[in-house]
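Please read the structure below before turning to the comments.
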Amino acid sequence: MAHTLPDLPYDFGALEPHIDAKTMEIHHDKHHAAYVAKMAVRNHGGGHANHTLFWQLMAKNGGVEPTGTLGTALQKAFGNFGGFKEKFTTAAANHFGSGWAWLVVNQEKLEIYSTTNQDSPLMQGHTPILGLDVWEHAYYLKHQNRRPEYITAWWNVVNWAKVAELHTQATKR
Ligand code: MN
């Protein structure tokens, strides 16, 4: 991965009203930029990779329940889409301190868990296909300490087309 800050694939305000423009600007221009500037250290390398993925996992008109192969895989792994959403939300809401919630492909199987700080599922050989930043800097400006409120808003901007693309890449033999 290049040691450069990628442009966001949309404007700072594109995810309004769910994710506010000021949070996006500070998150990208200050936090992600700092990880790029200090990439020699493990946490900063992970921070760069995680954020580069995270920006692509959101889109203006996201949030529509996935169908197709990914929809079927989610049903198979978690019972139904509601079951998936509940399990992911719990992982994100209950993660203690800074970190990320993930939906990963582990040997073709979908799993949900959280990681601490900037650790990536790639570090244990899993492919992340959906991730949510639950560091306070991702939501504090708008939601203060109310992380569950941020998670609820974020579901409205999930870029399921991108998640499906990553799922396909991770599961093709
Ligand atoms: Mn972040």
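The values are calculated or read from the model by the stated rules, or taken from the named source; none is laboratory data. Predicted, not measured: the structure shown is a model, and the values here were computed from it. Here the Cβ positions follow ideal geometry from the backbone for every residue, glycine too, while neighbour counts run over all protein chains shown. For the accessible areas, the whole protein counts, side chains as well, though only heavy atoms, and no ligand, DNA or RNA atoms are used. Shrake-Rupley method; radii C 1.70, N 1.55, O 1.52, S 1.80 Å.
Residues of the range 127-140 being open to solvent by less than 30 Å² (accessible area, probe 1.4 Å) and outside any strand (DSSP E or B), which ones? Those that are open to solvent by less than 30 Å² (accessible area, probe 1.4 Å) and outside any strand (DSSP E or B): VAL134, ALA138, TYR139. Scanning the range 81-131 for residues that are among the polar types (S, T, N, Q) and without any contact (Cβ under 8 Å) to a residue 60 or more places away in the chain yields THR90, ASN94, SER98, ASN106, GLN107, SER114, THR115, THR116, GLN124, THR127.
Quick one: in the range 120-138, of everything that is within 14 Å of the ligand (Cβ to nearest atom) and over 13 Å from the mean Cα position of the chain (by Cα), which residue is farthest from ALA91 (Cα to Cα)? Here the residue is HIS137.
When the range 77-104 is filtered for residues that are in contact with a Pro (Cβ under 8 Å, 6 or more places away or on another chain) and part of a strand (DSSP E or B), the ones remaining, listed by number, are TRP102, LEU103, VAL104.
Quick grid of which residues meet (1) surrounded by fewer than 20 Cβ atoms within 10 Å (Cβ to Cβ); (2) in contact with a strand residue (DSSP E or B) (Cβ under 9 Å, 6 or more places away or on another chain):
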site: VAL104; (1), (2): no, yes
site: SER114; (1), (2): no, yes
site: GLY125; (1), (2): yes, yes
site: LYS142; (1), (2): yes, no
site: GLU149; (1), (2): yes, no
site: ASN159; (1), (2): no, yes
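Being at pLDDT below 95, within 11 Å of the ligand (Cβ to nearest atom) and open to solvent by 30 Å² or more (accessible area, probe 1.4 Å) is true of ALA34. Checked against the criterion of being within 18 Å of HIS167 (Cβ to Cβ), away from the ligand (no atom under 16 Å from the Cβ) and of a type in the set (Asp, Glu), the candidates GLU108, GLU16 yield just one match: GLU108. Is one or more of the residues making up the range 59-72 among the small types (Gly, Ala, Ser), surrounded by fewer than 18 Cβ atoms within 10 Å (Cβ to Cβ) and assigned to a helix (DSSP H, G or I)? Scanning the range 59-72, I find at least one residue that is among the small types (Gly, Ala, Ser), surrounded by fewer than 18 Cβ atoms within 10 Å (Cβ to Cβ) and assigned to a helix (DSSP H, G or I), so the answer is yes. Here LEU8 meets the list (1) more than 13 Å from VAL157 (Cβ to Cβ); (2) at pLDDT 95 or above almost entirely, failing just condition (1). Residues in the range 43-70 that are within 16 Å of the ligand (Cβ to nearest atom) and not polar (S, T, N, Q): 12 in all.
Take the conditions under 17 Å from LYS85 (Cα atoms), open to solvent by 10 Å² or more (accessible area, probe 1.4 Å) and small (Gly, Ala, Ser) and apply them to ALA170. Does it pass? Criteria not met by ALA170.
In the range 138-160, the residues that are closer than 17 Å to PHE54 by Cα form Cβ pairs under 7 Å with partners that are within 15 Å of the ligand (Cβ to nearest atom) and basic (Lys, Arg), at six or more places apart or across chains, as follows: TYR139/ARG147.
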